[in-house]
Structures are given as structure tokens and as C-alpha cells.
1. For segment B:95-131, enumerate the residues that are loosely packed, with under 15 Cβ neighbours inside 10 Å and either more than 18 Å from residue B:77 (Cβ to Cβ) or out of contact with any helix residue (DSSP H, G or I) (no Cβ under 6 Å at 6 or more places or on another chain) (or both).
2. Which of the residues spanning segment B:43-64 are touching a residue at least 12 places away in the same chain (Cβ under 8 Å) and either assigned to a loop (DSSP other than H, G, I, E, B) or within 13 Å of chain A (Cβ to nearest Cβ) (or both)?
3. Testing residue B:104 on (1) touching a residue at least 24 places away in the same chain (Cβ under 8 Å); (2) over 20 Å from residue B:81 (Cβ atoms); (3) more than 12 Å from chain A (Cβ to nearest Cβ); (4) in a helix (DSSP H, G or I), one condition comes back false. Which one is that?
4. Only one of these is modelled with pLDDT of 95 or more, assigned to a helix (DSSP H, G or I) and closer than 21 Å to residue A:49 by Cβ: B:198, B:161, B:173, B:193. Name it.
5. Pick from B:150, B:143: which is more than 26 Å from residue A:71 (Cα to Cα) and either buried (at least 20 other Cβ atoms within 10 Å of the Cβ) or at pLDDT 95 or above (or both)?
6. For segment B:120-158, which residues satisfy the criterion of being touching a residue at least 60 places away in the same chain (Cβ under 8 Å) and either at the interface with another protein chain (Cβ under 9 Å from one of its Cβ atoms) or out of contact with any strand residue (DSSP E or B) (no Cβ under 7 Å at 6 or more places or on another chain) (or both)?
7. For segment A:24-41, give me the residue count where each residue is closer than 12 Å to residue A:7 by Cβ and either out of contact with any helix residue (DSSP H, G or I) (no Cβ under 6 Å at 6 or more places or on another chain) or not in a helix (DSSP H, G or I) (or both).
8. Would you point out which residue out of B:41, B:21, B:31 is crowded, with 19+ Cβ neighbours inside 10 Å and either in contact with a helix residue (DSSP H, G or I) (Cβ under 8 Å, 6 or more places away or on another chain) or at pLDDT 95 or above (or both)?
């Protein structure tokens with residue numbers, strides 16, 4: 001089973017992939033509407049917003065948490 | 001040809017042995033962390049419990065921070081996998097919260113150490129805990145929003161719903177000697193907490 005390189009989500013079904021394209025290494029949540037992968041900046045924004053919405057963290061703390069989580073993922077390991 | 005096969009076989013055995021040792025260290029570290037506390041545990045205690053030399057432990061985990069982080073990630077993988085599978089089946093919030101409780105119950109002593117010592121842990125370990133809670137909140141939020149759309153759950157901010165559940169659960173776990181003197185909080189009070197929480201969030205309209 002593949003894990004999304006950008007967020008770690010397990011990808012088991014066709015609908016987990018951007019536009020149903022199972023050759024991609026990232027999931028639909030990490031894709032732009034055209035199916036390309038979000039940039040680092042876009043992913044930090046979307047993950048921070050998700051953490052604020054679902055766990056209620058302070059926005060600055062959520063951003064720090066998002067950057068910390070992303071550092072563990074293959075797509076972003078080389079980022080600062 | 002034969003010598004190549006022997007080399008491949010030996011490499012494969014070494015790799016299996018290495019994985020086996022890593023697994024044993026992770027399991028024993030979780031046990032020692034549960035008994036002594038994560039912050040209080042020295043790597044030498046873990047090495048002794050796992051029956052490996054101190055140097056061997058450092059071959060697998062180069063720092064104490066790396067060891068703590070790996071144990072937390074290992075715990076989180078099991079919990080997140082379980083919630084992911086249930087979420088996939090479209091099970092509702094009741095089943096998800098039950099699975100959350102069950103996953104904690106299986107490693108309750110470790111989980112209590114983790115949440116009560118969180119602020120004292122190294123940053124990488126705290127990030128691992130945030131990652132676990134993010135996955136848990138993702139699945140609970142998804143089930144809660146489906147329940148809201150179906151009119152079974154009152155409309156409310158999802159972070160308050162999630163934090164109310166975690167707050168209730170962690171308060172009981174952090175003080176479990178008061179709520180469950182037998183030491184097994186989830187086993188003795190989990191069903192009560194779940195039923196009460198559901199009574200708080202249920203009932204709504206589309």
C-alpha cells in the first residue's frame with residue numbers, strides 16, 4: 001500500500017488519488033484542482049488551517065506543528 | 001552463482017535479525033517508559049530490558065530523543081491504522097470513539113505517561129504526539145460532520161467537539177488513581193465516558 005509522500009495518508013483506492021490517477025505518489029488532499037502537487041508553502045497553509053479547524057490550536061502554534069509534521073514526510077524532508 | 005546466493009541469504013538473515021532487534025528494543029522501551037516514566041528512563045535501562053548492549057541500542061537509535069520519538073510513532077501507527085480502517089468502512093462516530101478507547105486501553109500505561117509528560121518531552125516527540133492527535137481528529141471530525149449533515153449530531157465547531165472528548169478522556173486518565181484505583185481506567189470507566197460524551201453531542205437538525 002502506498003502512503004502519500006506529502007501527508008502520509010494511506011492510499012488504497014482510486015478515489016484517494018488526484019483525479020483518480022494511481023501513478024501519482026501524493027493524495028487528492030495534497031493536490032491542486034488540476035491534479036499537480038501543492039507546493040511546500042501551499043501545504044503548510046492547508047495543513048495549518050486543518051489543525052486550527054479540527055484541534056483549535058493558535059494559528060502560529062498550528063503553523064509550527066504543521067512544519068514539524070511535514071519535515072517527517074518524504075516530499076518535504078529537504079525543506080528548512 | 002552459489003556463493004552469490006549464500007551472500008544474499010546471509011544479508012537477508014542479517015536484515016531480519018536487525019529488524020527483530022529493533023522491534024524488541026521498541027517493545028521493551030515502551031514497557032520501561034510505562035513503568036518508570038518517559039523522562040526518567042535512561043537508555044541503559046532500555047538496553048538492559050531488551051537484552052542488548054548499550055552500543056547496540058545506539059546503532060538503532062542514535063539519541064534518546066530518536067528512541068522516544070520512534071516509540072511514540074510506533075504507538076501512533078497502530079492507533080491511526082485502526083481508525084483509518086473504520087473510517088474507510090464509513091462507521092459512525094460511536095464506533096470510531098470506541099476504537100480510540102480500545103487502542104488506548106491496549107497501551108494505557110504508556111498513553112498516560114505520554115499525555116502527562118508531553119510538555120517535558122523533546123520537540124520531535126511532541127511533534128509525534130501532535131501528528132497522532134491530528135490523525136485522530138481527522139477521522140473524528142469526518143464522522144462528526146457526516147453525523148451533523150444527517151441530523152444526528154448537533155452543529156458545533158469541530159475543534160470544540162474534539163477537544164471536549166480529549167479533555168474529558170485525558171482528565172480521567174491523568175487522575176486515574178482517583179477514578180479507577182485498579183489502574184485500568186478505560187476498562188472500568190471508558191463506556192461511561194463514551195456514553196456521556198455522545199449524549200452531549202447527539203441530537204440536531206439538518
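1. B:102, B:106, B:119, B:120, B:123
2. If the condition is that a residue be touching a residue at least 12 places away in the same chain (Cβ under 8 Å) and either assigned to a loop (DSSP other than H, G, I, E, B) or within 13 Å of chain A (Cβ to nearest Cβ) (or both), then B:51, B:52, B:61 are the ones that fit.
3. Answer for residue B:104: the failing condition is (2).
4. Numbers: B:198 fails: closer than 21 Å to residue A:49 by Cβ; B:173 fails: closer than 21 Å to residue A:49 by Cβ; B:193 fails: closer than 21 Å to residue A:49 by Cβ.
Testing whether each residue is modelled with pLDDT of 95 or more, assigned to a helix (DSSP H, G or I) and closer than 21 Å to residue A:49 by Cβ leaves just B:161.
5. After ruling out the rest, the residue left standing is B:143.
6. Of everything in segment B:120-158, those that are touching a residue at least 60 places away in the same chain (Cβ under 8 Å) and either at the interface with another protein chain (Cβ under 9 Å from one of its Cβ atoms) or out of contact with any strand residue (DSSP E or B) (no Cβ under 7 Å at 6 or more places or on another chain) (or both) turn out to be B:120, B:121, B:125, B:132.
7. Count: 8.
8. The conditions single out B:41.
The values are calculated or read from the model by the stated rules, or taken from the named source; none is laboratory data. What you see is a predicted model, and the numbers here were worked out from it, not measured in a lab. Neighbour counts are summed over all protein chains in view; Cβ atoms, including those assigned to glycine, are modelled from backbone coordinates with ideal geometry.
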